[in-house]
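Since the structure comes first, as structure tokens, the remarks are kept for the end.
The values are calculated or read from the model by the stated rules, or taken from the named source; none is laboratory data. Computed from a prediction, not measured in an experiment: that's the story for all the values here. Virtual Cβ from ideal backbone geometry, glycine too; neighbours counted across all protein chains shown.
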Amino acid sequence: MTFLVNDPAEFAADALRGFVAAHPEHVMAAHGGVVRASETPAGQPALVIGGGSGHYPAFAGWVGPGMGHGAPCGNIFSSPSASQVYSVARSAANGGGVVLGFGNYAGDVLHFGQAAEKLRAEGVDVRIIRVSDDIASGPAESHRERRGIAGDLPVFKIAGAAIEAGADLDEAERVAWKANDATRSFGVAFEGCTLPGAGEALFHVPAGEMAIGLGIHGEPGVREVPMGTADEIADLLLEGVLAEEPARVEGGYQGRVAVLVNGLGTVKYEELFVVYARVAERLAERGLTVVAPEVGEHVTSLDMAGCSLTVVFLDEELERYWLAPADTPAFRRGAPDTAGRPARTGVHAPGAEEVPEATADSQEVTGRILTALAVLEATAAEHEEAFGRLDAIAGDGDHGQGMAYGTRGALAAARDAAEAGAGARTVLLRAGDAWAEEAGGTSGALWGAALTAAGSVFDDAAGAGPEEAVAALVAGIDAIVRLGGAAPGDKTMVDAALPFRETLLAEFETSSDLVGATKKAAAVAREAAEATAEITARRGRSKVLGDKSLGTPDPGALSFSVLMAALGEHLAQSPDTQTRDTQSPDTQSSDIESPGGR
């Protein structure tokens with residue numbers, strides 16, 4: 001567990017603040033992360049690497065000459081928001097374009113992708129590298145669709161070295177993908193990690209067993225097997241990664257490998273050395289030459305008990321960049337030539353844009369929006385623990401926390417905007433940005449996009465009625481479907497959101513009753529969410545766990561239905577929306593008694 005905590009909700013921010021204070025010679029704080037303390041040389045591509053907190057030294061620990069130029073840092077196990085990625089990239093960029101690097105997880109793909117679109121719209125050339133080294137998360141023929149674990153280190157080290165050696169943006173992208181395609185990792189876990197402030201690990205491994213194929217966000221393995229000795233575990237990991245060893249070819253791979261034995265947080269150095277002793281012995285037996293091995297904690301998962309093995313199949317180019325100098329807080333090799341680089345004098349900060357003028361009619365709608373957001377915030381807080389338990393079964397356990405953070409941030413931002421005189425449109429746009437910022441992760445991005453899309457329906461210069469409310473709900477769901485890319489049956493929020501949308505439109509078209517239509521749609525969404533227990537996930541982190549998600553509803557679908565039920569009850573009690581509610585069907589209880597049950 002995490003012992004040194006002030007407010008668990010502020011743990012990631014507190015840790016980042018202390019990290020910056022401890023390494024002023026290397027890094028400077030930027031909105032949502034860090035950048036190098038020195039300016040990026042003019043025309044040099046900026047390598048911006050990041051992800052959730054809880055993985056130190058990844059990712060902030062790798063910022064410095066020869067590696068990253070900046071690192072956006074999300075909440076624990078949650079992607080940084082698009083705003084955080086954008087600000088760090090804006091701070092690091094200096095005319096040479098930007099390479100965004102991250103592990104291949106849905107939330108990171110979405111948030112980094114949104115930031116890339118904003119940068120491109122402003123004329124910045126951006127390339128995206130999704131590290132995909134984990135062999136347990138997909139077949140060999142779909143290597144780039146796998147998730148990223150400890151392979152982040154060699155991929156970013158090699159890409160950073162290429163940039164330091166003078167690579168332009170095209171060349172940096174090519175080298176980064178080449179390094180990713182040459183990297184394989186495999187891991188095991190002996191016990192799950194515990195989120196700051198929590199009293200229970202996200203998962204437990206049965207006594208005498210170990211979990212194969214761990215994830216770095218607290219995900220359990222894909223299966224449990226009897227616990228082995230250190231040598232047996234080393235053999236298991238090595239056989240897994242070497243099963244995909246490429247053929248040796250003239251001018252290419254010649255049997256030289258970079259090796260990383262990585263501790264996840266609780267398994268410490270002496271134990272890792274025991275594992276590496278066996279790995280080194282077995283590699284020598286196979287005629288493989290190890291180049292500059294790394295044994296230690298490099299990509300952690302808070303206090304998870306586990307370890308992973310990473311092998312990079314080197315050719316001459318990759319080996320040269322693997323051995324090149326780097327100087328960061330957590331990874332140092334040689335001494336990069338940084339003479340004459342000026343100290344950074346400032347970073348990008350999100351501006352406090354002026355609030356557009358709003359009419360009294362629109363401000364009246366703002367008041368109703370604030371009340372509705374307060375209902376969502378209270379509902380998410382009430383169900384935070386239950387949502388987290390549900391998510392821990394076949395995910396990473398942070399969904400409840402993310403929903404609580406997101407709704408709280410959205411409400412605070414909306415109130416600030418309202419106090420400044422904002423109308424309905426501006427209030428929802430600010431709330432959407434804040435939800436994505438505070439929650440992080442896939443659900444944070446999707447809910448943030450939903451509020452932003454809903455805001456586009458309203459006008460700061462006009463009032464709104466039931467028709468606009470329905471249109472806003474529909475626009476929000478459309479944004480979730482469009483940006484998330486999920487389809488019905490994938491076991492995601494979409495499985496509840498689309499039935500809600502269809503029922504809402506049909507009921508409102510028939511009755512013009514906002515309350516009745518919303519409550520009926522929420523009831524249908526709850527039934528659809530519960531039905532996801534009968535399907536296996538096809539998207540997101542839980543898809544790699546196969547049948548482990550069977551019998552458990554999708555947390556995103558269930559939380560959507562719970563929030564919509566609360567919204568329906570709120571509308572029924574509001575004097576502004578009381579109509580023919582007496583004839584409306586009751587929604588199902590929003591209580592979550594147990595995962596998979598009502």
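A compact table of results
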read-out: Residues of region 255-273 satisfying the condition of being in contact (Cβ under 8 Å) with a residue 40 or more places away in the chain and either under 32 Å from the mean Cα position of the chain (by Cα) or loosely packed, with under 15 Cβ neighbours inside 10 Å (or both); value: Val257, Ala258, Val259, Leu260, Val261, Asn262, Gly263, Leu264, Gly265, Thr266, Val267, Glu271
read-out: Residues of region 97-118 classified as touching a helix residue (DSSP H, G or I) at 6+ places or on another chain (Cβ under 6 Å) and outside any strand (DSSP E or B), total; value: 9
read-out: Filter result for Gly192 (in the same structural domain as Asp235 (by TED's automatic domain parsing) and small (Gly, Ala, Ser)); value: yes
read-out: Sole residue being hydrophobic (A, V, I, L, M, F, W, C) and over 26 Å from the mean Cα position of the chain (by Cα), chosen from Ala461, Ala434; value: Ala461
read-out: Yes/no for Ala176 being within 26 Å of Phe331 (Cα to Cα), among the aliphatic types (A, V, I, L, M) and surrounded by fewer than 16 Cβ atoms within 10 Å (Cβ to Cβ); value: no
read-out: Yes/no for Ala374 being under 18 Å from Asp7 (Cβ atoms), at pLDDT 95 or above and among the aliphatic types (A, V, I, L, M); value: no
read-out: Residues of region 275-324 classified as part of a loop (DSSP other than H, G, I, E, B) and among the charged types (D, E, K, R), total; value: 4
read-out: Residue under evaluation Gly166, criteria (1) in contact (Cβ under 8 Å) with a residue 40 or more places away in the chain; (2) outside any helix (DSSP H, G or I), criterion not met; value: (1)
read-out: Close pairs from region 228-248: first under 20 Å from Val295 (Cα atoms), partner of a type in the set (S, T, N, Q), Cβ under 7 Å, at least 6 apart; value: Val241/Ser185
read-out: Counted residues, region 390-432 - those being surrounded by fewer than 24 Cβ atoms within 10 Å (Cβ to Cβ) and at positive phi; value: 1
read-out: Residue within region 497-520 that is in contact with a Pro (Cβ under 7 Å, 6 or more places away or on another chain), closer than 21 Å to Gly448 by Cα and buried (at least 24 other Cβ atoms within 10 Å of the Cβ) present; value: no
read-out: Flag for Ser83 being part of a loop (DSSP other than H, G, I, E, B) and under 30 Å from Trp447 (Cβ atoms); value: no
read-out: Residue within region 170-191 that is within 18 Å of the chain's Cα centre (by Cα), part of a loop (DSSP other than H, G, I, E, B), over 25 Å from Asn94 (Cβ atoms) and of a type outside the set (Val, Ile, Thr) present; value: no
read-out: Meets criteria (at pLDDT below 90, in a helix (DSSP H, G or I) and out of contact with any Ser or Thr (no Cβ under 6 Å at 6 or more places or on another chain)) for Gly597; value: no
read-out: Among residues of region 309-355, those that are touching a Pro at 6+ places or on another chain (Cβ under 7 Å), at pLDDT below 95 and among the hydroxyl-bearing types (Ser, Thr, Tyr), counted; value: 1
read-out: When residues of region 192-213 are limited to those that are over 21 Å from the mean Cα position of the chain (by Cα) and in a loop (DSSP other than H, G, I, E, B), the one modelled with the lowest pLDDT; value: Gly199
read-out: Where Gly455 falls short, out of the listed (1) under 23 Å from Met403 (Cβ atoms); (2) at pLDDT 95 or above; (3) touching a Gly at 6+ places or on another chain (Cβ under 9 Å); value: (2)
read-out: Some residue of region 154-167 being in contact with a Gly (Cβ under 7 Å, 6 or more places away or on another chain), more than 26 Å from Val295 (Cα to Cα) and outside the structural domain of Val126 (by TED's automatic domain parsing); value: no
read-out: Any hit, region 337-346, residues being within 28 Å of the chain's Cα centre (by Cα) and more than 28 Å from Gly215 (Cα to Cα); value: yes
read-out: Residue within region 303-313 that is in contact with a Phe, Trp or Tyr (Cβ under 8 Å, 6 or more places away or on another chain) and either of a type in the set (Asp, Glu) or more than 24 Å from His55 (Cα to Cα) (or both) present; value: yes
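Conditions (1) at pLDDT 95 or above; (2) of a type in the set (Val, Ile, Thr); (3) under 24 Å from Leu110 (Cα atoms), marked per residue:
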residue	(1), (2), (3)
Val474	yes, yes, yes
Lys491	no, no, yes
Phe500	yes, no, yes
Thr518	yes, yes, no
Asp547	no, no, no
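Quick grid of which residues meet (1) under 27 Å from Gly421 (Cα atoms); (2) out of contact with any Ser or Thr (no Cβ under 6 Å at 6 or more places or on another chain); (3) among the hydrophobic types (A, V, I, L, M, F, W, C); (4) not in a helix (DSSP H, G or I):
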site	(1), (2), (3), (4)
Ala449	yes, yes, yes, no
Asp459	yes, yes, no, yes
Ala469	yes, yes, yes, no
Ile480	no, yes, yes, no
Pro488	no, yes, no, yes
Lys491	no, no, no, yes
Leu498	no, yes, yes, no
